[in-house]
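The values are calculated or read from the model by the stated rules, or taken from the named source; none is laboratory data. All of these numbers come straight from a predicted model, not from anything done at the bench. We place every Cβ from the backbone using ideal geometry, glycine too, and count neighbours over all the protein chains shown. Only protein heavy atoms, including side chains, enter the accessible area calculation; ligands, DNA and RNA are left aside. Shrake-Rupley method; radii C 1.70, N 1.55, O 1.52, S 1.80 Å.
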Amino acid sequence: MISSALIVDDEQSIQRLLKMFLEREGFAVRCASTIGEAEEILKAEKFDLIIADIFIGKSNGIDLLRHIKSLDKNAQVALITGLPDVESAAEALRLGAFDYLTKPISFHQIISTAQRALYSKRLIEESERKQANLDAIFQSASDGIMLVDSNNRLIQFNEASMRSCGYTADQLGMPALSIKAGCGGTCRQMLAEVLSDGTQRNLRRLECRKINGPKRIISISVSPVFDKSGTVDGAVAIMRDETELVSLEKRVHRQNGYSGIMGQNAAMQRMYTLIEALSDVQTTVLVNGESGTGKELVAAALHHQGVRRDKPFVKVNCAALSEHLLESELFGHVRGAYTGAVSAQVGRFQKADGGTIFLDEIGDISPAMQMRLLRVLQEQEFEPVGDSNSIKVDVRVIAATNQDLAEKVRLGTFRSDLYYRLNVVRLIIPPLKDRRDDIPLLVEHFLEKFSRKFKRPLSAVSRDVLELFMHHSWPGNVRELEHTLEHAAILCPSTVLSVEDLPQDFISAVRHHPHDEVPDSAFEKQLTLAEALEKAGGNKAKAARLLGVSRCTIYRKLQEDPTLLDNSL
Ligand SMILES: Nc1ncnc2c1ncn2[C@@H]1O[C@H](COP(=O)(O)OP(=O)(O)OP(=O)(O)O)[C@@H](O)[C@H]1O
């Protein structure tokens, strides 16, 4: 692209000389002899370089400079003078003149000025373009972004934060902590904390609510901004609205289960939210629930949803081992530590380093083991059996029990200090009998599982089976339901599991200890086709449901013996 220059000088010889110099360098040059003429030209055209004499007739080039800068603050203006003086030079530079040249002017001088002017203009334009791009990105970002200076004064925010947090232009420059945005102000508090220690902070999914506004789920990330010397010069907060994402996740969890845990019941939904909140917190968690409620699944979810997911998840059933074996299993032993220890063994705590250890049935450990465990929890270090050297580990502990540990503490069989260490956060899984609304979903889940396992289709359970399931008290919880369905799936000759396929002791259990009143029909011996048709008033689909067979089977049977239908009508 051709560069352009405007020369403003009332001396024709200087005009001609400068024009010649610049044209030789490839500039397109225009000339003006008066300030008025120059102003007329500038109304219509922009120039890469303007060279003006300070004295043009009776007019002053300094006024022209002021005028040019008011039109375009980036214009590159060089002033020339035959009578250099400090005052005018200082004034010219103060007003933004690019250069101040004294006559006589050499070719080299003017060319060097022209080249520097072009270079500087290009730099300014480039930096403006970058700034404009950054501004566009900043403003169009869907996350709210706000910046504070080193004194925690609000210096910039984008449109998304205006929409979600309600910041207004008149709040710019105000101390962030003094801004009343009608909310809890967590992000402004985080900005202050980041400014004080220069450490990045993240908060995942907190509830953010403006007065009378809807509840939003927001994740906040606040980072320090450093100057060239590495000193904290400000901080930037990014607020991501995850409300839609969270409700979408909840819908998916409702349909597909959460990390393999099935359940739509409100208590289960609350538990998923708690698991989410606890996944990235490194605190010890105590999982409480009756046997078979899914404590191990919950512990695994806590591990797999969190930052340790790529590290080991190590399970130990504390009730399955004698005290000595458990000690050796957890902490390892050196060779010859005890009779039979023919080789050294690495303990589970060491195997879990960086990850999570799941201590199941924690309520069953001996007082000596309680003591040792307490030390690991307090100091994250232990000695293998037979070794006096300590091993330091970084392990998150998740413990589970179906016992009432508080009661054990009261009875003096469980250390209170260990109990409080373990019970930092407690997750309680409700028994299946308290969330019967989840039974159909669990049935569907296990039928799919056993269809895959036994490689044959299992589409449903009969209505009577479901009725029994809904009335059973499920002392063995989900595990009992799983085993009952597995038994039935093995015996079932068709795709629909019927009462006949259920284990006899299950039927007796429901009969003798029904949770609620169970309709007699559920305990009846399997109906014959005639009986089912009679009960269903001749409705074949209903009869098929009662029998737990397909409608095609009913039609086939009726073709074989059409008189069956007569009795039912
Ligand atoms: N909500 C659930 N969704 C799907 N499967 C489940 C659920 N709860 C439990 N199960 C299944 O039930 C069985 C028992 O679960 P788990 O071993 O986690 O229970 P637990 O409470 O740890 O039992 P225990 O106290 O006897 O150790 C497992 O096969 C597990 O996959």
Residue that is nearest to the ligand (Cβ to nearest atom) [pool: residues in segment 484-503 that are among the charged types (D, E, K, R) and open to solvent by less than 50 Å² (accessible area, probe 1.4 Å)]: Glu486
Pick from segment 200-213, criterion more than 19 Å from the chain's Cα centre (by Cα) and open to solvent by less than 70 Å² (accessible area, probe 1.4 Å), ranking: farthest from Met239 (Cα to Cα): Gly213
Members of segment 423-435 found to be within 16 Å of the ligand (Cβ to nearest atom) and touching a Ser or Thr at 6+ places or on another chain (Cβ under 9 Å), listed by number: Ile429, Pro430, Pro431, Leu432, Lys433
Test set (1) open to solvent by less than 30 Å² (accessible area, probe 1.4 Å); (2) part of a helix (DSSP H, G or I); (3) not charged (D, E, K, R) - Val222 fails condition number: (2)
Filter result (assigned to a loop (DSSP other than H, G, I, E, B) and over 30 Å from the mean Cα position of the chain (by Cα)) within segment 279-337: Glu290, Ser291, Gly292, Leu321, Ser322, Val334, Arg335, Gly336, Ala337
Unmet requirement for Leu418, which otherwise passes all of (1) within 14 Å of the ligand (Cβ to nearest atom); (2) part of a helix (DSSP H, G or I): (1)
Residue in segment 288-298 that is closer than 30 Å to Arg201 by Cβ, open to solvent by less than 10 Å² (accessible area, probe 1.4 Å) and in contact (Cβ under 8 Å) with a residue 60 or more places away in the chain present: yes
Residues of segment 166-185 classified as free of Cβ contacts under 8 Å to residues at least 40 places away in the same chain, within 21 Å of Ile218 (Cβ to Cβ) and open to solvent by less than 50 Å² (accessible area, probe 1.4 Å), total: 8
Selection within segment 446-470 - assigned to a helix (DSSP H, G or I) and either β-branched (Val, Ile, Thr) or surrounded by fewer than 19 Cβ atoms within 10 Å (Cβ to Cβ) (or both): Glu448, Lys449, Ser451, Arg452, Lys453, Phe454, Arg463, Val465, Leu466, Glu467, Met470
Subset tally (residues that are more than 17 Å from Arg308 (Cβ to Cβ) and either free of Cβ contacts under 8 Å to residues at least 40 places away in the same chain or assigned to a helix (DSSP H, G or I) (or both)) for segment 350-375: 12
Residue among Ser219, Ser229 that is of a type in the set (Ser, Thr, Tyr), under 21 Å from the mean Cα position of the chain (by Cα) and assigned by TED's automatic domain parsing to the domain that holds Asn151: Ser219
Met262 being touching a residue at least 24 places away in the same chain (Cβ under 8 Å), within 19 Å of the chain's Cα centre (by Cα), within 12 Å of the ligand (Cβ to nearest atom) and not assigned by TED's automatic domain parsing to the domain that holds Val424: no
Residue in segment 436-443 that is of a type in the set (Asp, Glu), more than 31 Å from the chain's Cα centre (by Cα) and either more than 13 Å from the ligand (Cβ to nearest atom) or crowded, with 18+ Cβ neighbours inside 10 Å (or both) present: no
So Ala192, is it small (Gly, Ala, Ser), touching a residue at least 24 places away in the same chain (Cβ under 8 Å) and touching a Ser or Thr at 6+ places or on another chain (Cβ under 9 Å): no
Selected residue (criterion: modelled with the lowest pLDDT) from residues of segment 299-324 that are away from the ligand (no atom under 12 Å from the Cβ) and buried (at least 20 other Cβ atoms within 10 Å of the Cβ): Arg308
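Could you tell me whether Ser388 is over 29 Å from Arg309 (Cα atoms), open to solvent by 80 Å² or more (accessible area, probe 1.4 Å) and either at pLDDT below 95 or more than 16 Å from the ligand (Cβ to nearest atom) (or both)?
Yes; evaluated as a whole, the condition is true for this residue.
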Which numbered condition Leu245 fails, given (1) open to solvent by 50 Å² or more (accessible area, probe 1.4 Å); (2) in a strand (DSSP E or B); (3) closer than 30 Å to Met262 by Cβ: (2)
Residue pairs meeting the criteria (Cβ under 6 Å; at least 6 apart or on separate chains; first farther than 13 Å from Asp72 by Cα and not assigned by TED's automatic domain parsing to the domain that holds Asp48, in segment 92-104; second open to solvent by 30 Å² or more (accessible area, probe 1.4 Å) and not in a loop (DSSP other than H, G, I, E, B)): none
Enumeration of residues in segment 275-286 that are open to solvent by less than 70 Å² (accessible area, probe 1.4 Å) and either at pLDDT below 85 or more than 14 Å from the ligand (Cβ to nearest atom) (or both): Glu276, Ala277, Leu278, Ser279, Asp280, Val281, Thr283, Thr284
Pick from segment 446-483, criterion in contact with a strand residue (DSSP E or B) (Cβ under 8 Å, 6 or more places away or on another chain) and of a type in the set (S, T, N, Q), ranking: nearest to the ligand (Cβ to nearest atom): Ser459
Conditions (1) open to solvent by 30 Å² or more (accessible area, probe 1.4 Å); (2) touching a helix residue (DSSP H, G or I) at 6+ places or on another chain (Cβ under 7 Å); (3) among the aromatic types (Phe, Trp, Tyr); (4) within 20 Å of Ser366 (Cβ to Cβ); number of the one not met by Tyr420: (2)
Residue that is nearest to Gly82 (Cα to Cα) [pool: residues in segment 18-39 that are in contact (Cβ under 8 Å) with a residue 40 or more places away in the chain and not charged (D, E, K, R)]: Leu18
Condition met for Leu18 (among the aliphatic types (A, V, I, L, M), within 22 Å of Ser120 (Cα to Cα) and open to solvent by 80 Å² or more (accessible area, probe 1.4 Å)): no
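Could you say which residue among Leu71, Leu118, Leu65 is of a type in the set (A, V, I, L, M, F, W, C) and loosely packed, with under 15 Cβ neighbours inside 10 Å?
Testing whether each residue is of a type in the set (A, V, I, L, M, F, W, C) and loosely packed, with under 15 Cβ neighbours inside 10 Å leaves just Leu71.
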